[in-house]
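Trainee: After the structure tokens below, expect a handful of questions from me.
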Amino acid sequence: MTDGLLTSPEGTLLILVIAILAHEPFRWLGLYLGHGIDAQSEIFAWVRAVATALVAGLVTRLVLFPVGALAEVPLLIRCTAFAAGIGIYLGTNKHLGAGVFGSATALLAMQFLTQ
Amino acid sequence: MSFSILSQPTRVEFSTVTEGVKQEKTSQANDLANPGKVHANWTFIQGMRVALSTPGAILMASSGGFGALANDAGMSLFNAIFMMAVFFALPAQVVLMDQLARGGSIIGGALAVGLTGVRLVPMMVTIMPLLGKPRPALSRRLAAAHFVAITAWLEGLRLLPKLPENRRMTFFLGIGTGMSAATLMGTALGFELAGSVPLAISAGLLFLTPIYFFLSLMAAARLTMDWLALVIGSLLGPPLFVLTPGLDLLFAGLIGGTVAYVAGRRFDGILEEEE
């Protein structure tokens, strides 16, 4: 049922509605709270932890259960390239660009080498 | 030409300002820190230039990854670009697109989007005080709010304190506009490339998104619980995806985050007692 939503105008409308109802309000809430509430409070620490865990879960899912072209790359290469990205990031004094592009380059290189 | 000309904007013509951009590259920091009158356009353009820096390049490449992912999932180019514009937050976009592509429930998708959006609240709370005095118009604050996402937020926190207060809002709107433009171009490029480049390169583009998210989380982690949440969430993601597809991210977030919070607080408590 949700198949056609990726391409149809109804899908465009759905994207807009979800953005306005489920996403942008958090920015407005932050705008409102930004005047009085302490960013160091416990509730925010918990919220941050939940958001971090959620995105981390998304990351491992994207790497371990990928869709499309990435699914054609062997699991071992995906995991090695991911670990290489973390290693490069830490090894370059936490340079985000080096880690991100180094990881993708490692993925490419390993694909060509194993072909 | 020195920027003394630029700080006397008695209708400085635009051509003069752009000439200044070329010649004053090295002294831009000094120029921006000057609390005197500077043409608002100049401040805005300087903000937009931040999109040309390394974080901007990563963001553009990651949007390319999103575009490639969208193409792969079967989304139309228009919907992909539209999604990039109205969300301006890659995790929410990837979550929602993934949910739609897998034919999952719309409510579940909206809930997961909401959960990824919660992390924007503390970002907003920490950046608004930097933009504030004198309190800008509501329309400008809402526009600035839309640009709050990990990259623009990090750059804002890093650069805004160096500027005089009256120039920060315009500068941040410049950062946001530049970053947003970069993401829209990146999405379109990634979308088109994914369809026409060799499979190996498409795979490389698709790989940018997860590694960028993960390293950004590492870069933003401060507390023990942030690191625990990162590890526990990573470990919970795959099994929950197998056990509860559709609700897996929600559970990974709530369970992983809560466990990390409790364990992190315990751990900090133990450290304090030892001291």
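The values are calculated or read from the model by the stated rules, or taken from the named source; none is laboratory data. On a predicted model such as this, the values are computed, not experimentally measured, just so you know. Neighbour counts run over all protein chains shown; Cβ positions are idealised from the backbone, glycine included.
Trainee: Would you be able to tell me the number of residues in the range B:142-167 that are assigned to a helix (DSSP H, G or I) and within 17 Å of the chain's Cα centre (by Cα)?
Mentor: Qualifying residue count for the region: 16.
Conditions tested, residue by residue: (1) out of contact with any Asp or Glu (no Cβ under 9 Å at 6 or more places or on another chain); (2) at pLDDT 90 or above.
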site	(1), (2)
B:Ala68	yes, no
B:Val86	no, yes
B:Leu100	no, no
B:Gly103	no, no
B:Leu138	yes, no
B:Val148	yes, yes
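Trainee: If a residue has to be more than 15 Å from B:Thr258 (Cβ to Cβ) and either touching a residue at least 60 places away in the same chain (Cβ under 8 Å) or under 23 Å from the mean Cα position of the chain (by Cα) (or both) to count, how many in the range B:213-242 make the cut?
Mentor: 13
Trainee: Answer yes or no: is there a residue in the range B:217-228 that is over 12 Å from A:Val59 (Cβ atoms), of a type in the set (Val, Ile, Thr) and more than 7 Å from chain A (Cβ to nearest Cβ).
Mentor: Yes, the range B:217-228 has at least one match.
Trainee: Of the numbered conditions (1) in a helix (DSSP H, G or I); (2) at pLDDT below 90; (3) over 20 Å from the mean Cα position of the chain (by Cα); (4) more than 7 Å from chain B (Cβ to nearest Cβ), A:Ala71 fails exactly one; give the number of that condition.
Mentor: Result: A:Ala71 passes all but (3).
Trainee: Determine which single condition B:Leu77 fails, assuming it passes every other condition in (1) surrounded by fewer than 21 Cβ atoms within 10 Å (Cβ to Cβ); (2) among the aliphatic types (A, V, I, L, M); (3) over 24 Å from A:Leu70 (Cβ atoms).
Mentor: Every condition holds for B:Leu77 apart from (3).
Trainee: For residues that are more than 9 Å from chain B (Cβ to nearest Cβ) and farther than 19 Å from B:Leu199 by Cα, scanning just the range A:74-97, find the one that is modelled with the lowest pLDDT.
Mentor: This residue is A:Asn93.
Trainee: Only one of B:Arg266, B:Arg222, B:Arg158 is more than 29 Å from A:Gly102 (Cβ to Cβ) and not aromatic (Phe, Trp, Tyr). Can you tell me which?
Mentor: B:Arg266
Trainee: Quick one: which residue in B:Asn41, B:Asn30 is modelled with pLDDT under 75, out of contact with any Lys or Arg (no Cβ under 8 Å at 6 or more places or on another chain) and under 25 Å from B:Leu159 (Cβ atoms)? Spell out how you get there, then give the answer.
Mentor: Details: B:Asn41 fails: modelled with pLDDT under 75.
Answer to the check: B:Asn30.
Trainee: Looking at the range B:108-141 only, could you name the residues that are at the interface with another protein chain (Cβ under 10 Å from one of its Cβ atoms) and within 30 Å of A:Thr7 (Cβ to Cβ)?
Mentor: B:Gly109, B:Ala110, B:Leu111, B:Ala112, B:Val113, B:Gly114, B:Leu115, B:Thr116, B:Gly117, B:Val118, B:Arg119, B:Leu120
Trainee: Quick check on B:Thr177: is it among the hydroxyl-bearing types (Ser, Thr, Tyr), more than 9 Å from chain A (Cβ to nearest Cβ), under 25 Å from B:His39 (Cβ atoms) and touching a residue at least 24 places away in the same chain (Cβ under 8 Å)?
Mentor: Yes; evaluated as a whole, the condition is true for this residue.
Trainee: A follow-up question, please. Any residue that is among the aromatic types (Phe, Trp, Tyr) and surrounded by fewer than 24 Cβ atoms within 10 Å (Cβ to Cβ) - is there at least one of those in the range B:220-229?
Mentor: yes
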